[in-house]
1. Full-extension gain between Met1 and Val44, please, as 0.36 nm times their residue separation minus the C-alpha to C-alpha distance.
2. Work out, step by step, the length gained on full extension between Leu11 and Ser77: first 0.36 nm times the residue separation, then minus their alpha carbon distance; give nm to one decimal.
3. Quick query: amide H of Phe72 versus all other amide H atoms, modeled in the peptide plane; which residues come in under 5 Å with a sequence gap of 5 or more or a different chain?
4. No other cysteine beta carbon under 4.7 Å away is the test; run it over the chain and list who passes.
5. Springs between alpha-carbon pairs under 10 angstrom, Gaussian network model over the chain: which of Glu31, Glu121, Glu13 fluctuates most?
6. Pick from Val44, Val111, Val96: which residue has the top mean-square fluctuation in a GNM of the chain where Cα pairs under 10 Å get a spring?
7. Send over a whole-number figure in Å² for the accessible area per residue of the chain, probe 1.4 Å.
8. Given charges of +1 on the Cβ of Lys and Arg and -1 on the Cβ of Asp and Glu, with all other atoms neutral, how large is the dipole of the range 88-140 about its Cα centre, in debye to the nearest 20?
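The values are calculated or read from the model by the stated rules, or taken from the named source; none is laboratory data. Values in this document were obtained by computation on a predicted structure and should not be read as measured data. For neighbour counting, all protein chains shown are included, and Cβ atoms are generated from backbone atoms with ideal geometry for every residue, glycine included. When the accessible area is computed, the model is the full protein with side chains, heavy atoms only, and any ligands, DNA or RNA have been set aside. Shrake-Rupley method; radii C 1.70, N 1.55, O 1.52, S 1.80 Å.
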Amino acid sequence: MLDRSSRQLILLEQGQLRLRVPAAVGTQGWETPVGEHRVLFKTVDPVWRHPGTGVLVPPGGRNPLGSRWIAFHQDCSNPGGWDGEKVVQVRGCSHVGLHGTPHRWTVGRAVSHGCVRLYDEHIRRVFELVEVGTPVVVLP
């Protein structure tokens, strides 16, 4: 479960707290989608595609997804929004998910394009604890 207001990711197993970690969420205009979702797919060492330009960033220290990616929402409506510098129009379908970040200072803030950023050590733990199909509930 992600609580956007407290910016915390909470993992429960059979109603018992398994893990609680700080999380970055979507910024204004790119809010992390509220509702009930499911893990769609998981990737180790993901390649990131810039939502506006389509430029690919390979795995490694410059990749904003960190070492793990867990997708839980797909949007093919081609939404756009302000990225802090300019309006960006998304090309094709995009996914929202949980991922690591090399920018540790962003965790705990509303700064992403809708995704949930975690410290890399936390996304590695979450990655091992969830499977494709695991429910993901996002609260306002």
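1. Difference between extended and current length: 13.3 nm.
2. Length gained between Leu11 and Ser77: 20.8 nm.
3. Residues meeting the amide H criterion: Leu40, Val96, Gly97, Leu98.
4. Cys115
5. Glu13
6. In the Gaussian network model the winner is Val44.
7. 55 Å²
8. In debye, rounded to 20, the range 88-140 gives about 240.
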